[in-house]
């Protein structure tokens, strides 16, 4: 009987740890998805003319980025050691092997956002802003993001 209780407890603990790791991965994925929505679904689509220029949507996208980008080091503090099930992108283990370098990629993105905030007034200025922000995002993505499918 005691053995059954120990085995059951161990299994439950293991399942809890796996669920906690998946929750961390989901939080990381959700943060990146929100940022991708602002950069690609709002800004890039307007730059490419796929959606009409909308100042309120641009302002909301910049605000979302301004609030969420500084949270990247904190959200990626823990290595979940797994990716979100069926995710398109995942986090490279290089993040936790060189966390200081990973974290150092965030301030340039924050700076790029601050530099364009309040200066976007039309499609041309949005393109400049998009190029600046996306360029800094890609500095990190090239090393620390994995394409899973």
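The values are calculated or read from the model by the stated rules, or taken from the named source; none is laboratory data. Not measured: the values here are computed from a predicted model. Note that each Cβ is placed from the backbone with ideal geometry, even for glycine, and that neighbours are counted across all protein chains shown.
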Quick check on the range 98-112. Is at least one of its residues within 18 Å of the chain's Cα centre (by Cα), surrounded by fewer than 16 Cβ atoms within 10 Å (Cβ to Cβ) and not in a helix (DSSP H, G or I)? yes
Would you confirm, using the coordinates I've provided, whether residue 73 is out of contact with any strand residue (DSSP E or B) (no Cβ under 7 Å at 6 or more places or on another chain), within 30 Å of residue 128 (Cα to Cα), modelled with pLDDT of 95 or more and in a helix (DSSP H, G or I)? yes
In the list 116, 84, 110, which residue meets the criterion of being in contact with a helix residue (DSSP H, G or I) (Cβ under 7 Å, 6 or more places away or on another chain) and at pLDDT below 95? 84
Run residue 63 past the list (1) over 15 Å from residue 26 (Cα atoms); (2) buried (at least 16 other Cβ atoms within 10 Å of the Cβ) and report the number of the one that doesn't hold. (2)
Provide a single number: the residues in the range 91-128 that are under 27 Å from residue 146 (Cβ atoms) and in contact (Cβ under 8 Å) with a residue 60 or more places away in the chain. 1
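To keep it simple, each residue is scored yes or no on (1) modelled with pLDDT of 90 or more; (2) part of a helix (DSSP H, G or I); (3) in contact with a helix residue (DSSP H, G or I) (Cβ under 6 Å, 6 or more places away or on another chain).
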site: 12; (1), (2), (3): no, yes, no
site: 18; (1), (2), (3): no, yes, no
site: 21; (1), (2), (3): no, yes, no
site: 32; (1), (2), (3): yes, yes, no
site: 36; (1), (2), (3): yes, yes, no
site: 45; (1), (2), (3): yes, yes, no
site: 53; (1), (2), (3): yes, no, yes
site: 57; (1), (2), (3): yes, yes, yes
site: 61; (1), (2), (3): yes, yes, yes
Kindly evaluate residue 149 against the criterion of being at pLDDT below 95, more than 14 Å from residue 35 (Cα to Cα) and assigned to a loop (DSSP other than H, G, I, E, B). yes
